[in-house]
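The structure appears below as structure tokens.
The values are calculated or read from the model by the stated rules, or taken from the named source; none is laboratory data. Fair warning: this is a prediction, and the values are worked out from it, not measured in the lab. Positions of Cβ are generated from backbone atoms using ideal geometry, with glycine treated the same way; all protein chains shown enter the neighbour counts.
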Amino acid sequence: MEQKKLVIVINGAGGVGKDTLCNALTEDFSVINISAITPIKEIAAQHGWKGEKDDRSRRFLAELKRIFADYNDLPTRYLVEQYHHFAASDAEILCVHIRESDQIARFVREVSLPCLSLLVRRDVISSHHYGNQADDEVENYPYDLIFDNNAPEEESKQAFRAQIRRLYEEKNHA
């Protein structure tokens, strides 16, 4: 019998709880969590970026990522490579963090396993302007699912896990 798998392309502005929600899934599934920004952070760190998450650093990383996406599609190439590792692994869910709608679309076209796109929102953060396209335009994609992460953390994690369990079964029985 073929192993059940699900790819979740997850997006949302900084601080909405994407990593917290992906980490909550580890209570029910074997999860791999990857991000399109990873190779960009590695390059930035080699040249002075110290891991800050302020608006200035977010803008720097977003602009550097856009340059690499336009030049040689490094972010998508990295994600596709990681996707193939996931497909060959025993992991059940791959959480893929991508901010830009054009890069989400490119990655989704490369995926043959069951996949869904997910936007995470939080009312307190949704009105913040970050000053970079990656954060400020996260809602510019036709997501399969929107998760409003406004409840207390444990309640949100339980609701998210229940929703993903249901979708995991649906996507693998379609």
* Name the residue, out of Asp136, Asp73, Asp123, that is of a type in the set (D, E, K, R) and in contact with a Phe, Trp or Tyr (Cβ under 6 Å, 6 or more places away or on another chain). => Asp136
* Evaluate segment 90-99: report whether one residue or more is part of a helix (DSSP H, G or I) and surrounded by fewer than 14 Cβ atoms within 10 Å (Cβ to Cβ). => no
* Considering only segment 7-56, state which residues are at pLDDT 95 or above, of a type in the set (A, V, I, L, M, F, W, C) and under 13 Å from the mean Cα position of the chain (by Cα). => Val7, Ile8, Val9, Ile10, Leu21, Cys22, Val31, Ile32, Ile34, Ala36, Ile37
* Asked: What is the number of the single condition among (1) at pLDDT 90 or above; (2) in a helix (DSSP H, G or I); (3) surrounded by 12 or more Cβ atoms within 10 Å (Cβ to Cβ) that Ala134 does not meet?
  -> (1)
* Residues Glu92, Glu63: which one is touching a Lys or Arg at 6+ places or on another chain (Cβ under 7 Å) and in contact (Cβ under 8 Å) with a residue 60 or more places away in the chain? -> Glu92
* Structure fact -> The residue that is surrounded by the fewest Cβ atoms within 10 Å (Cβ to Cβ), considering only those in segment 137-174 that are modelled with pLDDT of 90 or more and part of a loop (DSSP other than H, G, I, E, B), is Pro152
